[in-house]
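S.K.: Here it is, the structure in full.
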């Protein structure tokens, strides 16, 4: 099984399935293709006609898009219980994951995923509505489950929101205590810490993602 990803510093979509594979202890080979290089598109096209990362290659099967990869992994490894056991919690986990997948465009635009940014006076007011909605989701899910993850145990939903955790840290977004605790929980995951450490060391230039 091969997971094709982009720069760890920048590629929030790549982080999501990578974190799932690591947290659920599923062996895989990592293939990193630096973004915004003359050869980037041709290299990615060797794996998928979508021309985008992440891509999961499992034998003769190719799956692209973070959420599609998550669902494939969930079905292939049902014993890993990547979604909550409870039917209602599982539906809620899918709902907040899909909202993350398809929404929050303003936050994405004004607060790009860049692990090497450590800002203290950033004006994130344009993304305030998105920020407030994320905090609302986290607060409600943690109140329901009791934490430490959104639905008690680590799930696909946590992987979907991991890049937002990084955005809050990079852009100095203040959080209420329950959200701050959740941010620390996600950042302290050994797998996520490894990703962050690698991203902080990257020197690839990616002008379209700066």
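The values are calculated or read from the model by the stated rules, or taken from the named source; none is laboratory data. Every value quoted in this text rests on a predicted model; they were computed, and no experiment measured them. FYI the Cβ positions are ideal-geometry reconstructions off the backbone, even for glycines, and counts take in every protein chain you see.
S.K.: Evaluate the following for residue 158: is it surrounded by 15 or more Cβ atoms within 10 Å (Cβ to Cβ), under 30 Å from residue 33 (Cα atoms) and at pLDDT 95 or above? Spell out how you get there, then give the answer.
M.R.: Values: surrounded by 15 or more Cβ atoms within 10 Å (Cβ to Cβ): yes; under 30 Å from residue 33 (Cα atoms): yes; at pLDDT 95 or above: yes.
Judged against the criteria, residue 158 is a match.
S.K.: May I pose another question? Return yes or no: is residue 143 surrounded by fewer than 14 Cβ atoms within 10 Å (Cβ to Cβ), closer than 27 Å to residue 75 by Cβ, out of contact with any strand residue (DSSP E or B) (no Cβ under 9 Å at 6 or more places or on another chain) and without any contact (Cβ under 8 Å) to a residue 40 or more places away in the chain? Reasoning before the result, please.
M.R.: On the way: surrounded by fewer than 14 Cβ atoms within 10 Å (Cβ to Cβ): yes; closer than 27 Å to residue 75 by Cβ: no; out of contact with any strand residue (DSSP E or B) (no Cβ under 9 Å at 6 or more places or on another chain): yes; without any contact (Cβ under 8 Å) to a residue 40 or more places away in the chain: yes.
No.
S.K.: Please pick out the residue among 120, 48 that is assigned by TED's automatic domain parsing to the domain that holds residue 187, over 14 Å from the mean Cα position of the chain (by Cα), outside any helix (DSSP H, G or I) and closer than 29 Å to residue 201 by Cα.
M.R.: 120
Conditions tested, residue by residue: (1) in contact (Cβ under 8 Å) with a residue 60 or more places away in the chain; (2) assigned to a loop (DSSP other than H, G, I, E, B); (3) under 22 Å from residue 155 (Cβ atoms); (4) more than 20 Å from the chain's Cα centre (by Cα).
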{"site": "15", "(1), (2), (3), (4)": "yes, no, yes, no"}
{"site": "53", "(1), (2), (3), (4)": "no, yes, no, no"}
{"site": "63", "(1), (2), (3), (4)": "no, no, yes, no"}
{"site": "79", "(1), (2), (3), (4)": "no, no, yes, yes"}
{"site": "85", "(1), (2), (3), (4)": "no, yes, yes, yes"}
{"site": "95", "(1), (2), (3), (4)": "no, no, yes, no"}
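S.K.: Let me ask something additional. Name the residue that is nearest to the chain's Cα centre (by Cα), counting only residues in the stretch 20-36 that are part of a loop (DSSP other than H, G, I, E, B) and surrounded by fewer than 14 Cβ atoms within 10 Å (Cβ to Cβ). Full working, then the answer.
M.R.: Our first condition is that a residue be part of a loop (DSSP other than H, G, I, E, B); within the stretch 20-36, this holds for 24-28, 33-36.
Checking which are surrounded by fewer than 14 Cβ atoms within 10 Å (Cβ to Cβ) leaves us with 25, 27.
On the way: 25: 17, 27: 19 Å.
In this case the residue turns out to be 25.
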